[in-house]
Structures are given as C-alpha cells and as structure tokens.
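Input: a single structure, listed below in structure tokens.
The values are calculated or read from the model by the stated rules, or taken from the named source; none is laboratory data. Everything numeric in this text was worked out from a predicted model, so none of it was measured. Note that each Cβ is placed from the backbone with ideal geometry, even for glycine, and that neighbours are counted across all protein chains shown.
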Amino acid sequence: MTTEASSTPHQPAFSARSAETDRLLRLATYASVATACLLILAKFAAWLLTGSVSVLASLVDSTMDAGASLVNLLAVRWSLAPPDAEHRFGHGKAQALAALAQATFIAGSAGFLALEAIDRLLHPRPVTEIGVGVAVIGFAIVLTLGLLAIQRHVIRRTNSPAIRADALHYATDLATNTATLVALGFAWLGWSGTDPLFGLAIGAYIFYSAGRIGLEAVQLLMDHEIPEAQRQHILELARAIPGALGTHDLRTRQSGQSLIIQFHLEIDAQLALKDAHRIGQAVEDAIRVHYPDSDIIIHQDPVEV
C-alpha cells in the first residue's frame, strides 16, 4: 500500500509562507528601488559636473539597477500570490525570471559603458569638478552598504533568488563605485587618461556579474537540484525518525523561496495504515522544522523486515 504524508486531510500540499517572510521580501524590494532612484539623481548631477567616464559608468549602472529593481519588485509581488487552480505550485519562479531580467539589464549596461569608454579613449576630454564626483560616489558607497545589509538579512531569512540576484548586482555596484573613486583619484593627480581604462574594467566586471546572475536564474528555471549538503541533511532528518527504514529517489527544486521536496520513505510492510501515516507525518514535521517554507511530498514504500 502506498500513501502520501500530509499534515491534515484538508491542508494544501503547498505550505503557506509566513507573514514575516512576505514582509521581508517587500522591504528588500522597496529599499532597492528607493536606493537606485536616489543614486541616479546624485550620480547624474556628478556626471554633469565632472564629465568623468567612470562616474558615467556608475550612473549607467545605477540606471540599469533602477530598471532591474523595479522588475524585481513586480516579480516578487507576483511570486507572493498564493497557489491557484492554474499554478498549483505557486508563483515562485517569477523570482527566477526577475533574476534573468536583471542579468539582461546588467549586461546591456556593460555594453553601453564599453562603447562610451572606447569613445573617450579615442577622443580624450578632461575630468572636472573631481571633488563633487568623490563626494557623490562616497555617498553612493554608504547608501549601497546600507542596502546590502538589509538584503543580506532578508536572504538569510527567506533564501529568495530574486533578492540574492539583486544583492549580487548591488555588490557589483560597490566594487564599481570603489573603482570610480580610484579613477577620480588618478584624475586629480593629473592622470585623466586612466579614467576610460577604469570604465572598461568596470564594464568587464559588470558583464561577468551579469553572467553569474543569469546562470543561477537559468538553473532555477531548469529545476536544478539544491546543493548536495542540503540534500544529505534532508535524508538524515528523515532517517532519524523511528520507524523510517530508509529513503530513496529524493528530488528537490527551488521555487522562489519555497523548497519543493519529494522522496520515497521505506517503512515496515506489516504496519497498519495509521501507523505508517504517523511515521510519514513525523518525517515531514522534522524536515519542516529546518525548511519551513517547503512543499513536502513523501511516497511511502512498504518493505519486508
């Protein structure tokens, strides 16, 4: 006889996210959009005053960030919608789609930046008002550090792929802004020719980061297995329950911040159905303690002892 573990006869298979998880995801997306908009205004003014390609690089990156963060906000809101008749596993993959869109935005900004830097190499122009540029980029670094602190807190609590992708490209911004400060420092020393070179280097790094974000998003959309250490942890939790004789055919995938877990649980064939159900429920409960936002399906296989 084969049964499936469930908490109650009427509980949906897809576990409900906590209100705290939803609140954290919304907080991270609103903070991201607000930060990007503030940085655009500050960097645009700095670019007009300095004419620096490195500052322009940072401005373009922040403009792409604003677009990506807005897409992220909409995707996260969509992913938080509960499962419906047409999306029984929920809408979590909207977050992976958002991450893929972010990768596209970021790669596009890298290409634009490379073209601008090459043009500046061919047609050099002096960098002016360096002090203003330094002040604005310093402000951008402080603001970005604050946003990253919020995002990392949310990632630890929710494991959201969309927020993780957003944090990765803001970490790239941090490196971009640091490089921009160095470029402005060289310009202040009279070495303005290094400015477009730094712009090219920043563009290459942005493109590399876009590749990382895009690859992770594709893996999520292709239902890539979770890391092996987590898989082994799930199996250990299941096998530790009295009456669980073994497990096999574990399959996992991530859908937004929700983890989908399916496996076969071996139990004594002589057990009554209610006892088999009790063991399966105990296994599910043990796993859910460590993976609260999870959809767990356990197929119980009777074995002769």
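Annotations
- Segment 280-301, residues that are among the β-branched types (Val, Ile, Thr), out of contact with any Lys or Arg (no Cβ under 8 Å at 6 or more places or on another chain) and surrounded by 22 or more Cβ atoms within 10 Å (Cβ to Cβ): Val283, Ile287, Ile298
- Test for Ala167: is it under 19 Å from Leu38 (Cα atoms), over 24 Å from the mean Cα position of the chain (by Cα) and at pLDDT 75 or above: no
- Per the listing Val182, Val136, Val127, Val132, the residue uniquely modelled with pLDDT of 75 or more, in the same structural domain as Leu41 (by TED's automatic domain parsing), buried (at least 16 other Cβ atoms within 10 Å of the Cβ) and not hydroxyl-bearing (Ser, Thr, Tyr) is Val136.
- For the residues Ala286, Ala210, Ala204, Ala282, the requirement of being over 20 Å from Ala96 (Cα atoms), part of a helix (DSSP H, G or I) and in contact (Cβ under 8 Å) with a residue 60 or more places away in the chain singles out Ala204.
- Candidates Ile206, Ile213, Ile226 - the one that is of a type in the set (Val, Ile, Thr), at pLDDT 75 or above and touching a strand residue (DSSP E or B) at 6+ places or on another chain (Cβ under 7 Å): Ile226
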